[in-house]
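I have placed the structure first, in the form of structure tokens, so that the comments after it can refer back to it.
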Amino acid sequence: MTAVRRSLVAVGGLVLAYAVIGALGDADVKAGALFFLAGVLVAHDGLLLPLTIVAGVILRRYAPPRLRPALQAALVVSLAVTVVAFPLVLGRGRSADNPSLLPLHYGRGLLAIYAIIWSAALATVATRSWRERRRRPQPPPG
């Protein structure tokens, strides 16, 4: 490990320790917030990270090399959008007596975002393929 990497790990550890000690010593921080943050950490490291790694392995094995960058980008962005939108799509907290609380159809919006993400990935692949075909030397006529 290089000296820069060691320094970054040390600084990150100190900042993390400072944050935890500050949160534990603050009377306004409730225990529920700490449990939520611990749950987020466990969900990220125990679920999202392994899923991302498995998706990368599958892409490496089955996707053609020229498609991989666009597919990887689309999958990572789709995962990030899903994590953010999932609570809204589930509709937890929606109540019949307050229609202004979570008023939109978030599932339809999530599908629209997916369509935009994957259309951009498809457009990237198509543009790269088109450029590659234009760069290839054309055989002489005749």
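Readers should treat all values here as calculations from the given coordinates under stated rules, not as data from a laboratory. Keep in mind the model is a prediction, meaning the values are calculated, not measured. Cβ placement follows ideal geometry from the backbone for every residue including glycine, while neighbour counts extend to all protein chains displayed.
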**OP:** Quick one: compute the contact order of the chain, relative version, from alpha carbon pairs under 8 angstrom and 6+ residues apart, as a percent.
**Re:** 19
**OP:** Apply 1/(1 + (r/R0)^6) to the Cβ-Cβ distance of LEU122 and VAL81, taking R0 = 25 Å, and write down the FRET efficiency to the nearest 0.05.
**Re:** 0.90
**OP:** Take every Cα pair under 8 Å in the stretch 65-136 that's 6+ residues apart, average their separations, divide by the length, and report that relative contact order as a whole percent.
**Re:** 43
Original post:
Any idea what angle helix 3-25 forms with the longest principal axis of the chain, computed on alpha-carbon atoms, 0 to 90 degrees, nearest 10?
Top reply: 40
Subject >> Cα gyration tensor shape for the chain, rounded if a/c is under 1.5, else prolate or oblate >> reply: oblate
**OP:** Just report the Cα centroid separation between the stretch 84-104 and the stretch 1-75, whole Å.
**Re:** 27
Original post:
How high is the FRET efficiency from ARG131 to ALA63, r the C-beta distance, R0 22 Å, rounded to 0.05?
Top reply: 0.70
Original post:
What length, rounded to one decimal in nm, is gained on full extension from LEU8 through to ASP26, with 0.36 nm per residue of separation minus their alpha-carbon distance?
Top reply: 3.8 nm
